[in-house]
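Below is one structure, written out as structure tokens; comments come after it.
Bear in mind that the values in this text are calculations on the coordinates, not laboratory data. The structure presented is a predicted model; accordingly, all values stated were derived computationally and were not measured. Every residue, glycine among them, receives a Cβ derived from its backbone with ideal geometry; neighbour counts consider all protein chains shown.
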Amino acid sequence: MAMERKNKALIGLAAVAAAAIAVNLASCVTIPKGAKAVQPFDKQRYLGTWYEIARMDFKFERGLQNVTATYSLIDENTIRVDNKGYSIKDQKWKESIGKAKLAGQPSEGRLKVSFFGPFYAGYNVIAIDPEYRYALVAGNNLDYLWLLSRDKTMPQQVKDNYLGIARSLGYQTEKLVWTNQGN
């Protein structure tokens, strides 16, 4: 009888732990408070290569220049993400291949991106111009932000607009790393 209660208690604890892990993993695919993903969003028009103009620095991109992100369809529901940048320190190109899936409605610029198996993070297009030439992308929280362009540069007016949007959400834009897109 005592062993049966102990087993039920262990099963109950395991279920609670599994639920907590599931909630935690699901919460990684979020959008910063106050941010809204663009609508309508055309996944097909977003595909292709984007140059990173600026980012909030984080360990996976630290020290990289000439950073690009190229998106292509794997199938109807999955996008291949190919991030690439040049490390001056190591004198070589670094590349990270991942996948993205829609995280919201099909017409909403909310994706979930994974570079590590079943673990996804939020990737939220919160501003984009009508021609899909410039984009402002927010991660899960205020630690992740990217300014992207189809060209190696971005007009100052677009930068100023995107920086204003980011500041209004609480981003500390003075901490942005401006990516060298030189040769």
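Determine whether Pro118 is exposed (fewer than 15 other Cβ atoms within 10 Å of the Cβ), out of contact with any helix residue (DSSP H, G or I) (no Cβ under 9 Å at 6 or more places or on another chain) and not aliphatic (A, V, I, L, M).
No; evaluated as a whole, the condition is false for this residue.
Restricting to the range 144-174, count the residues that are under 23 Å from Thr49 (Cβ atoms), among the polar types (S, T, N, Q) and in contact (Cβ under 8 Å) with a residue 40 or more places away in the chain.
Of the residues in the range 144-174, 2 are under 23 Å from Thr49 (Cβ atoms), among the polar types (S, T, N, Q) and in contact (Cβ under 8 Å) with a residue 40 or more places away in the chain.
From the list Gly63, Gly98, Gly139, exactly one residue is surrounded by 20 or more Cβ atoms within 10 Å (Cβ to Cβ) and small (Gly, Ala, Ser). Which is it?
Gly139
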